[in-house]
1. Once both axes come from the Cα atoms, what is the angle between helix 243-254 and the longest principal axis of the chain, in degrees from 0 to 90, rounded to 10?
2. Would you work out what percent of the accessible area of the chain, with all protein chains in place, is carbon or sulfur (probe 1.4 Å)?
3. Just add up the charged neighbours of Tyr261: K/R +1, D/E -1, any other residue whose Cβ is under 11 Å from the Cβ of Tyr261.
4. Projecting each Cα onto the charge dipole of the stretch 12-157 (Lys/Arg +1, Asp/Glu -1 at the beta carbon, about the Cα centre), which of Ser33, Gly63, Gly134 comes out farthest on the positive side?
5. Can you give the accessible area per residue of the stretch 169-337, in Å², using a 1.4 Å probe?
6. What nm distance separates the two modelled labels at Gln194 and Glu156, each placed 7 Å from Cα along Cα→Cβ?
7. Could you compute the net charge surrounding Leu243? Neighbours are other residues with a C-beta less than 13 Å from the C-beta of Leu243; K and R count +1, D and E count -1.
8. Can you give me the angle between helix 73-89 and the longest principal axis of the chain, using Cα atoms only, in degrees from 0 to 90, rounded to the nearest 10?
Amino acid sequence: MLEEKSPQRTSIAQLGEFGLIDHLTKVFEINQSSTIKGIGDDAAVLDFKDKKTVVSTDLLIEGVHFDLAYMPLKHLGYKAVVANVSDICAMNATPTQITVSIAVSNRFPLEALEELFAGITLASKHYNVDVIGGDTTSSQKGLIISITALGEAIAEDIVYRSGAAANDLLVVTGDIGAAYMGLQVLEREKQVFQVNPNNQPDLDNYTYLIERQLKPEARKDIKELLEKLEVKPTSMIDISDGLSSEIMHLCKQSNVGCTIYEEKLPLDPQLIAVCEEFNIDSTTVAINGGEDYELLFTIALEDYDKIKGNPNLTVIGHMVKESEGKHLVTRANQKIELKARGWNALAE
Ligand code: ADP
Ligand code: MG
């Protein structure tokens, strides 16, 4: 997974700004009918006809949001697109275009940027989004990436954070916590490597966790799945910061409380095994670990039969009246107050 860096180092100063932009962007194709004009003019031109447009932006700073010591640039490019596509999916919309802005210091050779853009290209093909523009500039230090994603949806399909009601069921897609534990494994290997650079890490027992950290996927499939099941969520959010903090957002914006159950949290067996090895509580990781890019949503209680047994969807609890508060019921049947700590708190 952690491929060798290309030995060739072409200075980006050699190409100049326009040469660099041309070189990096010439691979991008236009596939969406809503893209009238992509890269190459002062602005892109889009036409969403009778659909609504949804827009979301993220900014990623080296040393704050990613560490190039264990994040290969190709994966970083892919993940940066995923994080934005995921936000569009969380509105129950279809992602259609992205813009990509980067600031780089001259420490990065052309080959490094080619790797980054190879990841961006791969993700844009996988999620069928057109890269329609961006900006390229220099930075004093480090790499900064900002991606803006656009998407389309008919007005009635859009799902906000604010629509949950008491008694609605709280549902999560896929499994949670793995991306955070993948990061812990990579951090540990980085430290081992710093002590002894000849030490080749054996990561076989951690492949799923590392993949969830380095190559997460956005749940573009869920909109279609829910349509097929004839379920429209009442509220929805993507899990980037951790389950508990995302639940808090839904509760706050919908003016409800919630009860979730420890025994219902969907955990991968590899996550449970590695939490034991690291002596970390897997429930804490599942609740506070971030970057899973799964979706968290609520549905009306009457819709339960439609989603029951679907392997992609797990009911983890339900919404209650705001005055009843937000709680986690443990396996020992203890009711503890849910706190939003976010994934950063775990690193302390
Ligand atoms: P401007 O002077 O209008 O900012 P630029 O010369 O920066 O234009 O960019 C030329 C074209 O290349 C524009 O269409 C812009 O959106 C696109 N572009 C520049 N940088 C990037 C990038 N990193 N990724 C994708 N498109 C880019
Ligand atoms: Mg520009």
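The values are calculated or read from the model by the stated rules, or taken from the named source; none is laboratory data. These numbers were taken from a predicted model, which means no experiment stands behind them. Neighbour counts run over all protein chains shown; Cβ positions are idealised from the backbone, glycine included. Areas reflect the complete protein model, heavy atoms only, side chains present, ligands, DNA and RNA absent. Shrake-Rupley method; radii C 1.70, N 1.55, O 1.52, S 1.80 Å.
1. Around 70 degrees separate the two axes.
2. With neighbouring chains kept in place, the figure for the chain is 48 percent.
3. With Lys, Arg at +1 and Asp, Glu at -1, the neighbours total +1.
4. Gly63
5. On the way: 7820 Å² over 169 residues.
Here the residues of the stretch 169-337 average 46 Å² of exposed surface.
6. Each label point lies 7 Å from its Cα, and together they span 5.7 nm.
7. Details: positive: Lys264, Lys326, Lys339, Arg341; negative: Asp175, Asp238, Asp241, Glu246, Glu262, Glu291, Asp292, Glu294.
Neighbour charge sum, excluding Leu243 itself: -4.
8. Helix 73-89 sits at roughly 40 degrees to that axis.
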